[in-house]
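Peer 1: Below is one structure. I have some questions about it.
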Amino acid sequence: MDRTTRQAAVIATAVALPLALIVALLAFWQLSPDEPDTASPSPSATPAPAATTPVTMAAPPLTPRAETLCRALLSKVPAELRDRAQRPVTAGPEQNAAYGDPAITLACGIPAPEIPPTDLVNLFDRVCWHSAETAEATVLTTVDREVTVQVTVPRAYEGPAQWTIPFSKPVIETIPRLAEAPTGCAGSV
């Protein structure tokens, strides 16, 4: 081989190798399976449409005082509980509210439950609650208020007590505290 042919071969190789590498990368990129786009949510991450069917709830009769306090409370509860929209209820919209699916419910003016004196009560955001477990949910009931408020949190949700906190300010603003709250409720307002 002469020197001119050798130079031409070196130049051709110097140009051809990077081009071949670029073509190979483009082909690999085009033929590789699509990866999920992290900028847009995957179908499983997309929130389910908000349930709009009414939630079945009881509406026990209220005394005139309890009705006034419950109406005041329901006028101040949030329209959303975290990212769960409020849903209609089958009875007592002046005393009941429901959020999300499965529904987290708030009932105002229910009969005060019998709580054994040895049961613990918990102060969450200045409201005192008693917690009881059922097979389906955690039921949190105020024990330091003139009118009883109950929040039921289905087992599908973690940290059931945390779901009561958005209701604390409305409860404090609308339902007076009992003169004698149970032991363990010191500090509630």
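Peer 1: Between residues in the stretch 166-180 that are in contact (Cβ under 8 Å) with a residue 60 or more places away in the chain and assigned to a helix (DSSP H, G or I) and residues that are among the polar types (S, T, N, Q) and surrounded by 15 or more Cβ atoms within 10 Å (Cβ to Cβ), which pairs lie under 8 Å by C-beta distance while being six or more apart or on different chains?
Peer 2: VAL171/THR142
Peer 1: If I ask for residues that are under 8 Å from GLU94 (Cα atoms) and in contact with a helix residue (DSSP H, G or I) (Cβ under 9 Å, 6 or more places away or on another chain), which ones from the stretch 59-70 would you list?
Peer 2: CYS70 - this is the single residue of the stretch 59-70 that is under 8 Å from GLU94 (Cα atoms) and in contact with a helix residue (DSSP H, G or I) (Cβ under 9 Å, 6 or more places away or on another chain).
Peer 1: OK, next. Given (1) under 24 Å from ARG177 (Cα atoms); (2) surrounded by 14 or more Cβ atoms within 10 Å (Cβ to Cβ); (3) not β-branched (Val, Ile, Thr), where does GLN86 come up short, assuming only one miss?
Peer 2: Of everything listed in (1) under 24 Å from ARG177 (Cα atoms); (2) surrounded by 14 or more Cβ atoms within 10 Å (Cβ to Cβ); (3) not β-branched (Val, Ile, Thr), GLN86 misses just condition (1).
Peer 1: At pLDDT 95 or above, touching a strand residue (DSSP E or B) at 6+ places or on another chain (Cβ under 9 Å), hydroxyl-bearing (Ser, Thr, Tyr) and farther than 12 Å from PHE167 by Cα, is that true of THR142?
Peer 2: no
Peer 1: Does any residue of the stretch 107-126 turn out to be more than 24 Å from THR53 (Cβ to Cβ), part of a loop (DSSP other than H, G, I, E, B), in contact with a helix residue (DSSP H, G or I) (Cβ under 7 Å, 6 or more places away or on another chain) and of a type in the set (A, V, I, L, M)?
Peer 2: Within the stretch 107-126, not a single residue is more than 24 Å from THR53 (Cβ to Cβ), part of a loop (DSSP other than H, G, I, E, B), in contact with a helix residue (DSSP H, G or I) (Cβ under 7 Å, 6 or more places away or on another chain) and of a type in the set (A, V, I, L, M).
Peer 1: Quick one: is PRO78 assigned to a loop (DSSP other than H, G, I, E, B), out of contact with any Asp or Glu (no Cβ under 9 Å at 6 or more places or on another chain) and modelled with pLDDT under 95?
Peer 2: For PRO78, the condition - assigned to a loop (DSSP other than H, G, I, E, B), out of contact with any Asp or Glu (no Cβ under 9 Å at 6 or more places or on another chain) and modelled with pLDDT under 95 - is not met.
Peer 1: Also, I was wondering about something else. Only residues that are in contact with a Leu (Cβ under 6 Å, 6 or more places away or on another chain) and hydrophobic (A, V, I, L, M, F, W, C): list them for the stretch 143-166, please.
Peer 2: Those that are in contact with a Leu (Cβ under 6 Å, 6 or more places away or on another chain) and hydrophobic (A, V, I, L, M, F, W, C): VAL147, VAL151.
Peer 1: Same structure again: Out of the residues in the stretch 36-75 meeting the condition of being among the β-branched types (Val, Ile, Thr) and at pLDDT below 50, tell me which one is surrounded by the fewest Cβ atoms within 10 Å (Cβ to Cβ).
Peer 2: Per the stated criteria, the residue is THR38.
Peer 1: Starting from residues that are in contact with a Lys or Arg (Cβ under 9 Å, 6 or more places away or on another chain) and of a type outside the set (A, V, I, L, M, F, W, C), keep the ones in the stretch 135-153 and report whichever is surrounded by the most Cβ atoms within 10 Å (Cβ to Cβ).
Peer 2: It comes out as ASP144.
Peer 1: All but one of (1) buried (at least 18 other Cβ atoms within 10 Å of the Cβ); (2) within 17 Å of the chain's Cα centre (by Cα); (3) in a strand (DSSP E or B) hold for TRP163; which doesn't?
Peer 2: Going through the list (1) buried (at least 18 other Cβ atoms within 10 Å of the Cβ); (2) within 17 Å of the chain's Cα centre (by Cα); (3) in a strand (DSSP E or B), TRP163 breaks only (3).
Peer 1: Looking only at residues in the stretch 116-131 that are under 9 Å from VAL143 (Cα atoms) and in contact (Cβ under 8 Å) with a residue 60 or more places away in the chain, which one is surrounded by the fewest Cβ atoms within 10 Å (Cβ to Cβ)?
Peer 2: VAL121
The values are calculated or read from the model by the stated rules, or taken from the named source; none is laboratory data. Because the structure is predicted, anything quoted here is derived from the model rather than measured. Glycine also receives a Cβ, built like all others from the backbone with ideal geometry; neighbour counts cover every protein chain displayed.
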